[in-house]
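The structure under discussion appears below in the form of C-alpha cells.
The values are calculated or read from the model by the stated rules, or taken from the named source; none is laboratory data. The shown structure was predicted, so the numbers you read here are calculated from the model rather than taken from an experiment. No Cβ is skipped: glycine too gets one built from the backbone with ideal geometry, and neighbour counts run over all protein chains shown. All accessible areas refer to the heavy atoms of the entire protein, side chains included, with ligands and DNA or RNA removed. Shrake-Rupley method; radii C 1.70, N 1.55, O 1.52, S 1.80 Å.
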Amino acid sequence: MILQEIKNIDSSLKKLKEFGIVVGGILIIISSILFYNDKEFQIWLFAGLYLILVGLIFPKLHFYPHKVWMIFSILLGFVMNKIILFILYFFIVTPIGLIGKLFGKEFLDIKLENSKKSYWISKQEQSDSTKQF
C-alpha cells in the first residue's frame, strides 16, 4: 500500500513548480517571523527565494527534493493515521463504552433469546417517502 503510493507520486513539471513555490513561500514566511523576533533569518530567506526562483525557471531541479519530501509525507501520514486512530479509540470510544456499561446502557441488542421467533423490529408508522413535498 505505501509502496504503491510512493510509486504513484506525481512528479510533473506543474507539481515540481508548485513544490518550489509553496515550500519557498513557507520558508519566506518563517524568515519574516524570525526577522520580526530579532533572530537569524537570512538563511531561511535565501533558501525560500532560491526554491521559488528555481521552481519558476528550472523546475526539473526539484525532482529529487520533491520525491524525498513526498515519501516523507506519505510515511508521516501512515504513522500519524495510526496514532490518531489509537487516540480516538482509547480516549473517546472506550470511555463511552465503559460509561455505558456502568449505567447499564446496551448500544447493541445482541442477547440471544430462544423464545423469540424473530429479531425483526418493525416500525410503527410508515411514511410515504416518494412525495416528500
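Some points to look at:
- Residue 71 surrounded by 12 or more Cβ atoms within 10 Å (Cβ to Cβ) and not in a helix (DSSP H, G or I): no
- Between 31, 11, the distinction of being hydroxyl-bearing (Ser, Thr, Tyr) and touching a His at 6+ places or on another chain (Cβ under 8 Å) belongs to 11 only.
- Enumeration of residues in the stretch 7-47 that are modelled with pLDDT under 90 and either on the phi > 0 side of the Ramachandran plot or among the aliphatic types (A, V, I, L, M) (or both): 38
- Residue count for the stretch 1-46 satisfying the condition of being among the aromatic types (Phe, Trp, Tyr) and open to solvent by 80 Å² or more (accessible area, probe 1.4 Å): 4.
- Looking across 86, 103, 107, 133, one residue alone is modelled with pLDDT of 95 or more, of a type outside the set (Asp, Glu) and open to solvent by 100 Å² or more (accessible area, probe 1.4 Å). It is 86.
- Residue check for residue 43: aliphatic (A, V, I, L, M), within 27 Å of the chain's Cα centre (by Cα) and assigned to a helix (DSSP H, G or I): no
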